[in-house]
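Data block below; observations after.
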Amino acid sequence: MLGAAFSKIFGTKVERELKRMRPVLEQMNALEPEMQRASDAELRAKSEQFRRRIQERLAALPTDEQDPAAAEKLQRATLKSCPRPSPSSARLAVAH
């Protein structure tokens, strides 16, 4: 009963997390039209830019915080959880 009262006042954990992430999601959604218009070559170039930015930020970390193995695991996990659509499927999604 007390938990329900706190949830009504402060929201559930999921609601608080969504509220925290909303600005980032809105920024990402604003980029979607630009990404849909981009050619495959432009998207590949963007991916390379992102990789360089990540490498620059990792290089700027203090040495004890740099962990190439952790960075590799993160990259693999990201690719597995967010696979890139094939160019043909991306075009089909835009067409519908």
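The values are calculated or read from the model by the stated rules, or taken from the named source; none is laboratory data. Computed from a prediction, not measured in an experiment: that's the story for all the values here. Cβ sites come from the backbone with ideal geometry, for glycine too, and all protein chains shown count toward neighbours.
Some values worked out for this structure:
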| item | result |
| --- | --- |
| Condition met for ARG76 (surrounded by 10 or more Cβ atoms within 10 Å (Cβ to Cβ), at pLDDT below 85 and not in a helix (DSSP H, G or I)) | no |
| Residues located in the range 4-39, provided they are β-branched (Val, Ile, Thr) and part of a helix (DSSP H, G or I) | ILE9, VAL14, VAL24 |
